[in-house]
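The values are calculated or read from the model by the stated rules, or taken from the named source; none is laboratory data. Fair warning: this is a prediction, and the values are worked out from it, not measured in the lab. Every residue, glycine as well, gets a Cβ built from its backbone with ideal geometry; the counts of neighbours run over all protein chains shown. Note: areas computed on protein heavy atoms with side chains; ligands, DNA, RNA excluded. Shrake-Rupley method; radii C 1.70, N 1.55, O 1.52, S 1.80 Å.
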Amino acid sequence: MIHGHEVLHMMMEQSYTSKDQLLKDIKTKFGDEERFYTCSASNMTAEELVDFLEKRGKFMPCNEKDFTVNAERICNNHTK
């Protein structure tokens with residue numbers, strides 16, 4: 001399983017304009033069947049992880065086209 005911070009770091013390195021684009025890149029980098037975990041959830045699909053991170057305020061729209069990671073909302077329990 002991959003920690004959700006790996007996805008957040010990926011999002012910090014590249015601008016994403018849609019969840020679909022983000023999900024495509026997650027699956028390309030980690031594989032279609034990879035599962036993800038965070039400090040408070042586990043065994044999530046890529047789709048579940050993105051929904052989880054969004055609900056937790058880990059990323060948000062930064063303008064009409066892109067969304068960005070809210071670095072203040074990333075816990076420090078896991079390092080890259």
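Hey, can you find the accessible area per residue of the range 1-68 for me, probe 1.4 Å, expressed in square angstrom?
Working: 4080 Å² over 68 residues.
With the other protein chains kept in place, the range 1-68 gives 60 Å² per residue.
Under 17 Å from the 7 Å Cα→Cβ point of Met12, by amide nitrogen: which residues of the range 30-46?
38-39
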